[in-house]
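Data block below; observations after.
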Amino acid sequence: MKQLLRNIKIVLLVFLVISAALLAGLIIQQHRSRTQLYVAAGENKAALKSRYAQAGTIYDRNGVVLAQSKNGERIYHEDKTTAMAVLQLVGDYTHNIDNTIEARYQSDLLGTDRNILHQFFLDIQGQGLAGDDITLTIDSALCKKAYQLLDGRKGAVVLLNYQTGAILASVSSPSTSPASVIAFKDIPDTALFNRAFLGAYAPGSTFKIITTAAYLQSTDTADLVVHCQARSTVDSSGADETGDGHGSVDLSQAFAKSCNVYFGQAGAALGRQQLIKTAETMSIGTTLKVDKLDVGLSEISSSGSASVLSWLAIGQPTADSRLSVSPLQMAMIAGAIGHQGVLQQAHIIDHLTNPLGMNYAQLNEQTIKSILSTRIAGELEELMVNAVKNGTGSAAAIKGYTVAGKTGTVQVDGQDNNALFVGYITDDQMPLAIAVIVEEGGSGGKTAAPIAAALLKTAVSALAG
């Protein structure tokens, strides 16, 4: 009998200990949720700073610390240029920039979104108050290089692996320091805006990739040859050229020279339905996300006017047409051509790690859809390779690798032209796709293409080593 009573007391004591632990866990969880609510409402910055004192660390793909909590402070990368280069992705603990890792992955970094059993398990290990670490796909050194190449100009650069969808670099300029964002002062105009993900740009002649895809799928424009005399062959207000024109050009010559007159006529011949259908098939107008981060919505619309279509076909919306795309999506589309027409889901998260060192949420390759047949993708690649070898994209060439690409130059009312380049390396062992835009940069071939070459060269060296 005494033994029975003793066993009952032991069981009761264990039950009380477990109940007390669970109650303590619930109280802690309730406190965290309340703090998180205050933070989300922007009402308790001091509480958020206190809670971030034990938040998880954000690493780049090579283990470089981009944000960490140390001695009660949230600390960002010590190199000023690197910190500025990754700011619009990493963010800050005050969440003055919303579409960032710090903001969208707050619950993971603070450990406030765990189920009660997981939390209890961490509590008994003495790790209950620590947040989870996040390892990103980006290479901070490549981000720094891209930011330096933009050299203070407004614009964006995106570099990704078109086989896995991993984003290796994503940079928006101008930027500022995390300290300025936290204090919310001395912030340059638009420095908190992520142009790479959220920017909505007319694609200019880079859109000729899509016009060409529509052309290659159509039987009505087969073997089109146009005599370019720098004036539209559609009508007096259609897409034209500067200078004296290109003479008689076929598709390959027109693509390499980026002949507006040729593609203006091709666009009018294709018609509104075919041009827009091809663009939508190639993901224009599709809602995209990068893990928990938002991506700006691209769009395309137009009347059936031959003149308007001639401008739309060269990526220059006019009159009642609308056309815009983000740099990230430009890079994804270019990469899909290199991936035999398959568009991969872009990712920024490589994996997360809990306080006990266990990894989870590992990056998995995901296909969004096939946007081109293998045949059309192959024909586009030939044209894009020729454009870099013998055309307007020659400044994007790099030694030892074949680059396929297309330049773009966009007229902007009241400003100098925007300069663009999109392209990729054709080597399956180095599957890198890139998009560059420099606002008011002038010529895509002279401004954006050299930036692409310099970053691709740096990336190849880093990844091969």
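The values are calculated or read from the model by the stated rules, or taken from the named source; none is laboratory data. Just so it is clear, the model here is predicted, and its values are computed rather than measured. Every residue, glycine as well, gets a Cβ built from its backbone with ideal geometry; the counts of neighbours run over all protein chains shown. Calculation scope for accessible area: heavy atoms of the full protein, side chains included, ligands and nucleic acids excluded. Shrake-Rupley method; radii C 1.70, N 1.55, O 1.52, S 1.80 Å.
With the requirement that a residue be within 29 Å of residue 242 (Cα to Cα), polar (S, T, N, Q) and in contact with a Phe, Trp or Tyr (Cβ under 9 Å, 6 or more places away or on another chain), what does the stretch 418-465 give you? The answer is 418, 447.
Of all residues in the stretch 303-331, count the ones that are in a helix (DSSP H, G or I) and open to solvent by less than 10 Å² (accessible area, probe 1.4 Å). Even if it seems obvious, please write down each step before you answer.
We begin by selecting, within the stretch 303-331, every residue in a helix (DSSP H, G or I); these are 306-312, 327-331.
Imposing the further condition that a residue be open to solvent by less than 10 Å² (accessible area, probe 1.4 Å) reduces the set to 309-310, 312, 327-329, 331.
Counting residues in the stretch 303-331 that are in a helix (DSSP H, G or I) and open to solvent by less than 10 Å² (accessible area, probe 1.4 Å) gives 7.
Answer yes or no: is there a residue in the stretch 217-225 that is open to solvent by 50 Å² or more (accessible area, probe 1.4 Å), in a loop (DSSP other than H, G, I, E, B), modelled with pLDDT under 95 and under 30 Å from residue 74 (Cβ atoms). Checked the stretch 217-225: no residue is open to solvent by 50 Å² or more (accessible area, probe 1.4 Å), in a loop (DSSP other than H, G, I, E, B), modelled with pLDDT under 95 and under 30 Å from residue 74 (Cβ atoms).
Kindly indicate whether residue 397 is more than 22 Å from residue 250 (Cα to Cα), touching a helix residue (DSSP H, G or I) at 6+ places or on another chain (Cβ under 6 Å) and surrounded by fewer than 24 Cβ atoms within 10 Å (Cβ to Cβ). Spell out the reasoning first.
Details: more than 22 Å from residue 250 (Cα to Cα): yes; touching a helix residue (DSSP H, G or I) at 6+ places or on another chain (Cβ under 6 Å): yes; surrounded by fewer than 24 Cβ atoms within 10 Å (Cβ to Cβ): yes.
In short, yes.
For the residues 356, 343, the requirement of being over 19 Å from residue 434 (Cα atoms), in contact with a helix residue (DSSP H, G or I) (Cβ under 8 Å, 6 or more places away or on another chain) and hydrophobic (A, V, I, L, M, F, W, C) singles out 356. None of 423, 441 is touching a strand residue (DSSP E or B) at 6+ places or on another chain (Cβ under 6 Å) and modelled with pLDDT of 95 or more except 423.
With 236, 175, 180, 232 as the choices, which residue is modelled with pLDDT of 95 or more and either crowded, with 24+ Cβ neighbours inside 10 Å or on the phi < 0 side of the Ramachandran plot (or both)? Just a single option satisfies the conditions, and that option is 175. If the condition is being surrounded by fewer than 17 Cβ atoms within 10 Å (Cβ to Cβ), among the polar types (S, T, N, Q), more than 20 Å from residue 159 (Cβ to Cβ) and out of contact with any Ser or Thr (no Cβ under 8 Å at 6 or more places or on another chain), then the stretch 335-366 contributes 362, 364.
Of a type outside the set (S, T, N, Q) and under 15 Å from residue 155 (Cα atoms), is that true of residue 391? It is false that residue 391 is of a type outside the set (S, T, N, Q) and under 15 Å from residue 155 (Cα atoms). In summary, residue 138 fulfils each of the numbered conditions (1) open to solvent by less than 50 Å² (accessible area, probe 1.4 Å); (2) modelled with pLDDT under 95; (3) in a loop (DSSP other than H, G, I, E, B) with the single exception of condition (2). Taking (1) within 25 Å of residue 390 (Cβ to Cβ); (2) without any contact (Cβ under 8 Å) to a residue 40 or more places away in the chain in turn, residue 272 satisfies each apart from (1).
Considering only the stretch 340-363, I want to know if a residue exists there that is closer than 19 Å to residue 430 by Cα and at pLDDT below 95. Yes, there is a match, as at least one residue in the stretch 340-363 is closer than 19 Å to residue 430 by Cα and at pLDDT below 95. Remark: pairs (first residue in the stretch 151-175, within 14 Å of residue 86 (Cα to Cα) and assigned to a loop (DSSP other than H, G, I, E, B); second residue open to solvent by less than 10 Å² (accessible area, probe 1.4 Å) and among the polar types (S, T, N, Q); Cβ separation under 7 Å; 6+ apart in sequence or on different chains) = 175/88. Consider the stretch 267-279 and keep the residues that are over 17 Å from residue 204 (Cα atoms) and out of contact with any Leu (no Cβ under 8 Å at 6 or more places or on another chain). The one that is least open to solvent (accessible area, probe 1.4 Å) is 274.
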